[in-house]
Amino acid sequence: MEVASGVAAPEPGEIRALKQCLLRRNRSREQHGVAASCLEELRNKACDILAIDKSLAPVTLVLAEDGTIVDDDDYFLCLPANTKFVVLAGNEKWTHNSDGGTAWITQESFDRDETDSGVGVKWKNVARQLKEDLSSVILLSEEELQMLIDVPCSELAQELGQSHVAVQGLQNTLQQVLDQREEARQSRQLLELYLRALEKEGGILSKQQESRADLRDERDAVDTGVRESSSKVTPASQILLALKEKPAPELSLSSQDLELVAKEDPRALAVALNWDIKKTEAVQQACNQELSLRLQQVQSLRSLRSISARTSSLPGDMENPKRTRRDPM
């Protein structure tokens, strides 16, 4: 999307109010605050602050939200204060840092450099989520569960507005949920070992070797179709690492991550994981089943809560079910 060009520089002696703006380079998360009265001034300050060589013409300003090219002073003046701009130099193309498609695969993992204060904010956000709906504990990832378990009881009690005893019971429950997921993972590992033993005894492995050639051909066809896009992929460490290393990765991921994996294109995910299509689809199916199970559990808890609330609010005459018998005479 492009705004029609019609740059009108301030006339001599004309005074324009300064507009506060936020600037960043393409594919960067670091922002700089500046104030400018017109586009030309903003463009010059952007080159100075972001160390852009002015010889890399053209230097283009686009809206960070949707990539709209801003090349008109009147349109610039209509924008609200603190509008976010992305500065493009030369032949750079605008890219959204957090789209709704495969951004969780393509974005670089910046959570590794998270400071202690950032971790503190994260557990508080999870605690507020629990405070609003306790049944959402089923939707939390193992990392989030462990995070709440490790928080000092007094701090968590203060954040939730609950007593020390109640919060201690909550942390014990969270530990039980974590233990149950670990037990489920171990059970699945044992089942997989048993199935592998059966495959060896039945000679199924020989049939799999015969089909590997077909799988390699299929993978080559997939690689040909997605090589251009996959060359730019930088896997998101948390999700892809869990898929590769965890025996039952669906138990480690949060419900949001499960939904991302389940909805992802199998071919793109197979390339990112360096897996064949069948294995990738099997993992996606397991993630989808785990997500459905968690949602059913949440729905069941909410239904039980609703039934309990209705039971506790029965009319007063139901409190004394015994009634005086009428005299048959």
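Couple of notes before you dig in:
- Verdict on L23 being at negative phi, outside any helix (DSSP H, G or I) and in contact with a His (Cβ under 8 Å, 6 or more places away or on another chain): yes
- Residues that are touching a residue at least 60 places away in the same chain (Cβ under 8 Å) and either part of a helix (DSSP H, G or I) or open to solvent by less than 20 Å² (accessible area, probe 1.4 Å) (or both), drawn from region 268-294: A268, L269, A272, I277, K278, R294
- Subset tally (residues that are open to solvent by 80 Å² or more (accessible area, probe 1.4 Å) and in a helix (DSSP H, G or I)) for region 131-171: 9
- Long-range neighbours under 8 Å by Cβ, at least six apart or interchain, first residue closer than 15 Å to E142 by Cβ and in the same structural domain as V137 (by the TED database) within region 164-193, second open to solvent by less than 70 Å² (accessible area, probe 1.4 Å) and of a type in the set (D, E, K, R): L178/E142; R181/E142
For (1) modelled with pLDDT of 75 or more; (2) open to solvent by 50 Å² or more (accessible area, probe 1.4 Å); (3) under 29 Å from R302 (Cα atoms), each residue gets a yes or a no:
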| position | (1), (2), (3) |
| --- | --- |
| S55 | yes, yes, no |
| L63 | yes, no, no |
| N82 | yes, yes, no |
| T102 | no, yes, no |
| N125 | yes, yes, yes |
| Q129 | yes, yes, yes |
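- Per-region count, region 65-78, residues in a loop (DSSP other than H, G, I, E, B), open to solvent by 20 Å² or more (accessible area, probe 1.4 Å) and either hydroxyl-bearing (S, T, Y) or touching a residue at least 24 places away in the same chain (Cβ under 8 Å) (or both): 3
- Check on R216, surrounded by fewer than 19 Cβ atoms within 10 Å (Cβ to Cβ), modelled with pLDDT under 85, assigned by the TED database to the domain that holds V137 and part of a helix (DSSP H, G or I): no
- Conditions (1) loosely packed, with under 15 Cβ neighbours inside 10 Å; (2) under 14 Å from F85 (Cα atoms); (3) modelled with pLDDT under 90: number failed by G13: (2)
The values are calculated or read from the model by the stated rules, or taken from the named source; none is laboratory data. Note that the coordinates shown come from a computational prediction; the quantities given were computed from them, not determined experimentally. Every residue, glycine among them, receives a Cβ derived from its backbone with ideal geometry; neighbour counts consider all protein chains shown. We work out accessible area using only protein heavy atoms, side chains counted, and drop any ligands, DNA or RNA first. Shrake-Rupley method; radii C 1.70, N 1.55, O 1.52, S 1.80 Å.
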